[in-house]
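What follows is a short report on a single structure.
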Amino acid sequence: MSHPDYRLNLRSLGTPRGVSSLVGPHGVGASPGDKKSKNKNTRGKKKSIFETYMSKEDVSEGLKRGTLIQGVLRINPKKFHEAFIPSPDGDRDIFIDGVVARNRALNGDLVVVKLLPEEQWKVIKPESNDKETEGAYESDLPEELCGSHLLQQSLKACNDSPDVIIEAQFDDSDSEDGHGNTPNSLVDGVKKLSVCVHEKGEEGAGAPVTKDENTLMSQDARASPEKSLQRSAKVVYILEKKHSRAATGFLKLLADKNSELFRKYALFSPSDHRVPRIYVPLKDCPQDFVTRPKDYANTLFICRIVDWKEDSNFALGQLAKSLGQAGEIEPETEGILTEYGVDFSDFPSEVLECLPHGLPWTIPPEEFRKRRDLRKDCIFTIDPSTARDLDDALSCKSLADGNFEVGVHIADVSYFVPEGSSLDSVAAERATSVYLVQKVVPMLPRLLCEELCSLNPMTDKLTFSVIWTLTPRGKILSEWFGRTVIRSCTKLSYEHAQSMIESPTRKIPEKELPPISPEHSGEEVHRAVLTLHGIAKELRKQRFADGALRLDQLKLAFTLDRETGLPQGCHIYEYRDSNKLVEEFMLLANMAVAREIHRAFPERALLRRHPPPQTKMLNDLMEFCEQLGLPMDFSSAGALNKSLTETFGDDKYSLARKEVLTNMCSRPMQMALYFCAGTLRDPAQFRHYALNVPLYTHFTSPIRRFADVMVHRLLAAALGYREPPDMEPNVLQKRADHCNDRRMASKRVQELSTGLFFAILVKESGPLESEAMVLGVLNQAFDVLVLRYGVQKRIYCNALPLRSHHFQKVGKKPELTLVWEPEDLEQEPVQQVRPGGGVGVPERLCPRPPPHPVPGLLGVSGAATKASGSASPLLGCSKKKPQRTSPDP
């Protein structure tokens, strides 16, 4: 069944609540450039809509006294009139209601807020579902939680929009955060991509706007003891504008053709509802836009905000460029990169001048005298088959006493990036490579990424190594750090390594393996892989016994058409023993280097910490699990991991319930952060929650992460290869903050790229049907996890063929009853009761409601009866698209 009126849209369009009441009679507010007010009652002075920001001095004083609070602003992508900042005490987030209270701050900005009087705080009613009182969190799982070293081009996606949208979650794959490459699925600041149909399915579409979940305080509410309050605030200052102030969207003419504004401005409508609508001068617009506006109805533009006055609902901006047709891969991708401030320009000539000349480059003879020569050792790489930037290699030698010498060898990027050079400055500014589904935006010029630094086989390479003597059980007997020269004997893919692991006694034919240098044999490599696998299993077993956590969630990988670049299909990326092998040794190296640099430079070490989960959200989840009778222990990372591992069986529905609960456990998790050790006084704050270790850092991926380059320099100084760092801790912390910001932007871009490809796939090849499990219910919508794709989706009742729907609380459990229109007019309507919380027994039941998919959404097309946790209907997925997973130890 085809739907010709599909339009691929980055985010559904509409007027943000909190703004609509401010819009004037002609559909626009006062222009920032409009000197005169049309309203004679204002007597020349326009009325301010937004408060004037406080002075820097007053803000500084208020923060010191504790009367003001600072935090990063998160705007709920599903309800963009709602915003939040984290509470400093880890309790429930502080609520910011409406555009006016946000005071021109954008998503991701570091803001200062002032609490409102208690009578204006938000009331959380027990009879309503307060699931979203924390707002929608982005996928903030640290990579170490997720599974590292996965497909570098495979990315995860999180798409949530007020319209009917697929919300997939993916993360880059450092397993440091306990999330097996999976982040929290309610993505906060991310662009949504939807296949939408006439705005139907939007939360407020076709139904009166209600504020059930976000009711402000009334006297009646205050008198009711069972109602709880959420602290509410308003923005009084923007400490740092972290949002790029760039947006993609569409141009429209102003509604009032007779107004003075019409002759000067067009209206730019951002695809992201969290960005205000923007006046752009007509001189920036295409010449024939005013006479032929419909020609540009589907053209995607980039606009940058240049000002936003106190007396205007809308910002003032400049049109940067026309990208092309909405819904096409390259225009959408360029828009995503621009919005998130990713520099994808060519490297300037002064940067390229820093690179070695006279290719092919060879290692200078004096370098061999400074390094340990490992070129005769059996060293090899294990990476995704498509990888070209090979950061790390492994080696394993049997010793006479039955122990093993195991090495992790990392590309010595710092050798090619002199500190203080133009190359260093650009790499520091980019801070990370950005992995899209179809390409990579590199941190370093490709000559370094793919040739000089990349540990390509049968070529001499400069490396930084960690070499241990290990027992077969993985106990460390000795440890050595140093600069080395290696010559990798082969480039194994994960599939090659997996086949070796699965065939321990079979001789693998040469034709099934990549080329191996003549000094070594396939059997030698096979033995080394098997030994490393055996040790990795012991290391992993011990890590989890010591209290580590991993939250594995599904990741989509794509196959692309070689000619068109369009996605042809998708599948769940399988995280196998070969991935785990590499991950264990990368984690071991990162932990070893963290200890070494902290020992040498306790004030200047660049480390990575992972704070414990947010208290309020964790408590809510504990209460939820208790209601469902699930024996979950949240007392520590290890206890949670044990609960997830042991609570569920191996049958299909038990695994589905585990997937849903894993997804829910990811929500309270916080981001892992780079930091300078000298800026935190309490060593307890250094800890990594998911890994359950006191010290951790990133050392193993310097080709794609600048933090790792900084760590390499610290390690070199600790070993006496260079002068100790002279940078003050606060300067190092600023660099760490920048790495954190760019890493988060990169993650969002990856998610959006995946969302884009998934949407196109479904649009081109849908409708798709897949079983799903309900995650939770709201009063007019419910969230499901589509099990086949690992995609989270919000389904709005007003976009379904329902006769009616009814929301209530049964005890503390929310329950949503759906009454479907019968497929056969002579049948009775089908009633479907959907209890909140998606870890109940899923059911696939008949009679089956209308099978046709609702355009633009995963249409529910199955029926379920009451279940003590949740129901799992069949979902008809109308044209969307799968994705890829990305790696990160």
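Assigning unit charges at the beta carbon (Lys, Arg +1; Asp, Glu -1) and nothing else, what dipole magnitude in debye, to the nearest 20, does region 56-122 show about its Cα centre?
On the way: 11 positive and 11 negative charges, 54 e Å.
For this selection, approximately 260 debye.
Given +1 on the Cβ of Lys and Arg, -1 on the Cβ of Asp and Glu, and no further charges, what dipole in debye does region 246-326 carry about its Cα centre, rounded to the nearest 20?
Numbers: 12 positive and 9 negative charges, 37 e Å.
In total the dipole reaches around 180 debye.
Modelled label-to-label distance, His357 and Leu115, 7 Å Cα→beta-carbon offset: nm?
The modelled label-to-label distance comes out at 6.4 nm.
For Ile379, enumerate residues with amide H under 5 Å from its amide H, sequence gap 5+ or separate chain, H modeled in the peptide plane.
Cys489
Under the 0.36 nm per residue contour assumption, what length would be gained going from the current alpha-carbon distance of Lys397 and Glu821 to full extension?
So the chain would gain 145.8 nm between Lys397 and Glu821.
For a Förster distance of 22 Å, can you work out the FRET efficiency between the beta-carbons of Arg562 and Glu495, rounded to the nearest 0.05? Each step should come with its number before you reach the end.
Numbers: r = 19 Å, r/R0 = 0.89.
Computed FRET efficiency for Arg562 and Glu495 comes out at 0.65.
For Ala297 and Asp91, compute 0.36 nm times the residue count separating them, minus their Cα-Cα distance, and round to one decimal in nm. Walk me through the numbers before you get to the answer.
Working: separation 206, 0.36 × 206 = 74.16 nm, distance 4.50 nm.
Working it through step by step, the gained length comes to 69.7 nm.
Tell me whether region 515-595 comes out rounded, prolate or oblate; compute the Cα gyration tensor, take square roots of the eigenvalues as a ≥ b ≥ c, and use a/c under 1.5 as the rounded threshold.
On the way: a/c = 2.43, a/b = 1.26, b/c = 1.93.
Oblate, since a/c reaches 1.5 and b/c is not below a/b.
Got a sec? What order do Arg803, Arg604 fall in by accessible area at 1.4 Å, biggest, i.e. largest, first?
On the way: Arg803 130, Arg604 60 Å².
Heavy-atom accessible area, descending, gives Arg803, Arg604.
Does region 304-360 classify as rounded, prolate or oblate by the C-alpha gyration tensor (a ≥ b ≥ c root eigenvalues; a/c under 1.5 gives rounded; else a/b over b/c gives prolate, otherwise oblate)? Numbers along the way, then the final one.
On the way: a/c = 4.44, a/b = 1.96, b/c = 2.26.
Judged from the Cα gyration tensor, region 304-360 comes out oblate (a/c at least 1.5, b/c at or above a/b).
Can you send over the solvent-accessible area of Trp480, 1.4 Å probe, protein chains only, in Å² to the nearest 10?
It works out to around 80 Å².
How much of Tyr53 can a 1.4 Å solvent probe reach, expressed as accessible area in Å² and rounded to 10?
Surface accessible to solvent at Tyr53 totals approximately 70 Å².
Express in nm, to one decimal, how much length is gained between Glu451 and Ser503 on full extension, taking 0.36 nm for each residue of separation and deducting their alpha carbon distance.
Gain in length upon complete extension: 15.5 nm.
For region 309-406, state which trypsin sites (Lys or Arg not before Pro) are in a DSSP loop and have at most 14 other beta carbons lying within 10 Å of their beta carbon. It would help to have the intermediate numbers written out before the result.
Working: sites: Lys309, Lys321, Arg369, Lys370, Arg371, Arg372, Arg375, Lys376, Arg388, Lys397; in loops: Lys309, Lys370, Arg371, Arg375, Lys376, Arg388.
Those that pass, being in a loop and sparsely packed, are Lys370, Lys376.
Rounded, prolate or oblate for region 468-526? Axes are the square roots of the Cα gyration tensor eigenvalues, ordered a ≥ b ≥ c, and the cut-off for rounded is a/c under 1.5. Could the numbers behind the result be given before it?
On the way: a/c = 2.61, a/b = 1.47, b/c = 1.78.
Oblate, because a/c is 1.5 or more while a/b does not exceed b/c.
Using a 1.4 Å probe on the protein heavy atoms, what percent of the accessible area of region 578-621 belongs to carbon and sulfur?
Working: 670 of 1230 Å².
Result for region 578-621: 54 percent of the exposed heavy-atom area is carbon or sulfur.
What does the accessible area of Met664 come to, in Å² to the nearest 10, when a probe of 1.4 Å is used?
Approximately 20 Å² for this residue.
Can you tell me which of 353-364, 432-443, 713-724 comes out highest on packing, and rank the rest after it, using the mean Cβ neighbours within 10 Å?
On the way: 353-364: 11.5, 432-443: 22.8, 713-724: 16.9.
Highest-to-lowest ranking by the protection proxy: 432-443, 713-724, 353-364.
What residues have an amide H closer than 5 Å to that of Met443, excluding those fewer than 5 places away on the same chain, when H is modeled at 1.01 Å from N in the peptide plane?
For Met443, whose amide H was placed from the backbone, the distant partners under 5 Å are Ser433, Val434.
What FRET efficiency do you get for Lys370 and Glu350 if R0 is 25 Å and r is their Cβ-Cβ distance, rounded to the nearest 0.05?
Details: r = 28 Å, r/R0 = 1.13.
For R0 = 25 Å, the calculated efficiency reads 0.35.
Using a 1.4 Å probe, what is the accessible area per residue for region 395-487, in Å²?
Values: 3120 Å² over 93 residues.
Per-residue value: 34 Å².
To the nearest Å, what is the center-to-center distance of region 281-358 and region 244-267, using C-alpha atoms only?
Here the two parts' Cα centres lie 16 Å apart.
Counting only protein heavy atoms, what percent of the accessible surface of region 56-122 is carbon or sulfur at a 1.4 Å probe? Don't skip to the end; give the middle numbers.
Numbers: 1250 of 2490 Å².
Reported share for carbon and sulfur atoms: 50 percent.
Please arrange Arg788, Arg104, Arg446 by accessible surface area, largest first, computed with a 1.4 Å probe and ligands excluded. Provide the component values of the computation, followed by the final result.
Details: Arg788 135, Arg104 25, Arg446 110 Å².
Ranked from most to least accessible, the order is Arg788, Arg446, Arg104.
Around Lys491, with a cut-off of 13 angstrom between Cβ atoms, what is the net charge of the other residues, counting Lys and Arg +1 and Asp and Glu -1?
On the way: positive: Arg388, Lys461, Arg487; negative: Asp383, Asp389, Asp391, Asp392, Glu450, Glu495.
Net charge around Lys491: -3.
What order do Lys64, Lys580 take when sorted by accessible area (1.4 Å probe), most exposed first? Each step should come with its number before you reach the end.
Values: Lys64 160, Lys580 60 Å².
The ordering from most to least exposed comes out as Lys64, Lys580.
Using unit Cβ charges (K, R positive; D, E negative) and no other charged atoms, how large, in debye to the nearest 20, is the dipole of region 357-463 about its Cα centre? Write down the numbers at each step before the final one.
Details: 12 positive and 17 negative charges, 36 e Å.
It comes to approximately 180 debye.
With all protein chains present, how much of the accessible area of region 352-401 (probe radius 1.4 Å) comes from carbon and sulfur, to the nearest whole percent? Numbers along the way, then the final one.
On the way: 1470 of 2800 Å².
Carbon plus sulfur share of accessible area: 52 percent.
FRET efficiency for Arg722 and Ser521, Cβ-Cβ distance as r, R0 = 45 Å, nearest 0.05?
Values: r = 39 Å, r/R0 = 0.86.
That gives a FRET efficiency of 0.70.
Give the residue from Ile69, Leu116, Ala105 lying farthest towards the positive end of the charge dipole for region 56-122; charges sit on Cβ (+1 for Lys and Arg, -1 for Asp and Glu) and the dipole is referred to the Cα centre.
Result: Ala105, furthest along the dipole toward the positive end.
Between Arg595 and Leu239, what is the label-to-label distance in nm when each label sits 7 Å out along the Cα-to-Cβ direction?
Result: 3.5 nm between the two label points.
The values are calculated or read from the model by the stated rules, or taken from the named source; none is laboratory data. Small disclaimer: the values here were computed from a predicted structure and weren't measured. When we count neighbours, we look across all protein chains shown, and the Cβ atoms used for this are built from the backbone with ideal geometry, even at glycine. When the accessible area is computed, the model is the full protein with side chains, heavy atoms only, and any ligands, DNA or RNA have been set aside. Shrake-Rupley method; radii C 1.70, N 1.55, O 1.52, S 1.80 Å.
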